Amino acid sequence: MKDLRANRWGYDFKENPAPPPTLRQTQRALSQEGKSVLALAPGDPPAAGYPPPQWLMDAVNQAMKDGRHGYRDTRTAELPIGIAKFEKEFSGVHYDPGDIFPVPSSTSAMVLCYLALLDEGDEIISPEPIYQQYSFFANYYKTKMVKTNSFEDDRWQPDLDAIRKAVTDKTKFIIINNPNNPSGAVYDDKTLKGLIDIAGENEIMIFSDEIYTFLTFDIPQATSVAKLAKDVPVMLSNGMSKLFNITGWGLGYLAYHDPEDKMPELRSAIRMLRGYCGRVASPVAVAAAYGYQNWKRAMEEVQPEVEDIRRRRDWVVKRIAEIDGINLTTPEGSMFGLPDCVPAHGDVWKDDVDFLVQLMKEELIGFVPGSNYYSLGHFRVGFLSSDENLRIGFDKLEKFMKRHT
Ligand SMILES: Cc1ncc(COP(=O)(O)O)c(C=O)c1O
């Protein structure tokens, strides 16, 4: 069979970080033996027992009863108005509803941004660790993802000098995820201003994924980079998946912040291309408009979950401090942390995958490898895991480390 793949498949597609086959194969082999693996890095709130607000489910039912099934309903003008209200009241950023583009997920918002901005050979810069999807699509578009260091010992803040040096005349934007999956970093205002300065000096944009913006542990919320960017265009992605606990419904948006109207043509490109990123189910679109109008109610109702996550973060930080060979920079937001397993830097294990495969085989527990996010020798832990699962999992991890190091 001849190779029918689109030319767009990028040059280093094979090197994309993805769940490594060795881990998947190990899990499959164990399950064939009737053994199940305890997953300790989940990121799906409804699957972890956190349901959507009842009033939002009622709103979907009501939309169906009201016959909101048409093209017009999926594009309801109420939705960008509701999202603009949320962005104004929560993040303190004014968006014209015409600059808000609802799409089926915040991942599609990123695809929309890539579609509108990237050509083969372009470059984008992202501080590590990097959420997998950013590089997956960069490779697909034959765009070079330039990865820069972050300072693990300084709350995983990005190395701004490295970012400044990485800019070339091919760079289109800097992509950040704040709060960060998987490191739990929350970028402070100094960092955000530094990023804005670099973008401004070089006339490039910032793409900011703010899906975890409400999930911070030590401060009330993360600052949106758009709030500080007065003359630098920002593309922001967010969605309902985490705040409203509806990861399976599909509702995200791209918000375009360009206060000085530097790139008006981009707005029309996004408007046109949005149609190719899929359609939001009309009852979900109608209910989402209601959801964002009532975002404060959703925020109140999600607080017990945020409290659970914060409490487990505290517990994991303490527990890891008791285990030799593993260090964790205290996560400040999102639902994750990224411990460094020192012996998995080639000392005892070849790398983080090697370490996790052996851990899975011997103790039947599973974490996500840091190399999925270009953070070698690390692994992702998720605070949506129940208290009981974390207790069992970390006891097993401690036993394992004592046995091998
Ligand atoms: C950093 C980050 N961005 C985006 C998403 C996906 O959001 P959505 O469900 O809106 O596609 C996730 C989901 O886990 C995520 O961790």
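The values are calculated or read from the model by the stated rules, or taken from the named source; none is laboratory data. Just so it is clear, the structure is predicted and the values come from calculations on it, not from any experiment. Every residue, glycine as well, gets a Cβ built from its backbone with ideal geometry; the counts of neighbours run over all protein chains shown. The protein model used for the area step is the full one, side chains on, heavy atoms only, and it has no ligands, DNA or RNA in it. Shrake-Rupley method; radii C 1.70, N 1.55, O 1.52, S 1.80 Å.
Considering only segment 243-259, state which residues are in contact with a Phe, Trp or Tyr (Cβ under 6 Å, 6 or more places away or on another chain) and farther than 17 Å from residue 85 by Cα.
Hit for segment 243-259 is 245, nothing else.
Starting from segment 218-243, take each residue that is more than 17 Å from residue 261 (Cβ to Cβ) and list its partners that are part of a loop (DSSP other than H, G, I, E, B) and away from the ligand (no atom under 16 Å from the Cβ), counting only C-beta distances under 8 angstrom and pairs at least six apart or across chains.
What qualifies is 223/188; 224/92; 224/93; 227/92; 227/93.
Look through segment 79-130, keep the residues that are within 16 Å of the ligand (Cβ to nearest atom) and polar (S, T, N, Q), and return whichever of them is nearest to residue 170 (Cα to Cα).
Top of the filtered list is 126.
Out of (1) more than 16 Å from the ligand (Cβ to nearest atom); (2) open to solvent by 50 Å² or more (accessible area, probe 1.4 Å); (3) modelled with pLDDT of 95 or more; (4) not aliphatic (A, V, I, L, M), what's the single condition that is false for residue 275?
(3)
Return a yes/no flag: does segment 255-266 have any residue that is surrounded by 21 or more Cβ atoms within 10 Å (Cβ to Cβ), within 16 Å of the ligand (Cβ to nearest atom) and modelled with pLDDT of 95 or more.
yes
Residue 393 is checked against (1) assigned to a loop (DSSP other than H, G, I, E, B); (2) buried (at least 20 other Cβ atoms within 10 Å of the Cβ); (3) among the small types (Gly, Ala, Ser) and fails just one. What number does that condition carry?
(1)
Specify the residue that is farthest from residue 212 (Cα to Cα); the eligible residues are those in segment 286-300 that are touching a residue at least 40 places away in the same chain (Cβ under 8 Å) and open to solvent by 90 Å² or more (accessible area, probe 1.4 Å).
290
Of the residues 207, 214, only one is within 16 Å of the ligand (Cβ to nearest atom), under 18 Å from residue 185 (Cβ atoms) and open to solvent by 10 Å² or more (accessible area, probe 1.4 Å); which?
214
Please go through segment 150-182 and give me each residue that is within 15 Å of residue 225 (Cα to Cα), in contact with a helix residue (DSSP H, G or I) (Cβ under 8 Å, 6 or more places away or on another chain) and in a loop (DSSP other than H, G, I, E, B), ordered by number.
178
From 157, 133, which residue is open to solvent by less than 10 Å² (accessible area, probe 1.4 Å) and either touching a residue at least 40 places away in the same chain (Cβ under 8 Å) or under 20 Å from the mean Cα position of the chain (by Cα) (or both)?
Residue meeting the stated conditions: 157.
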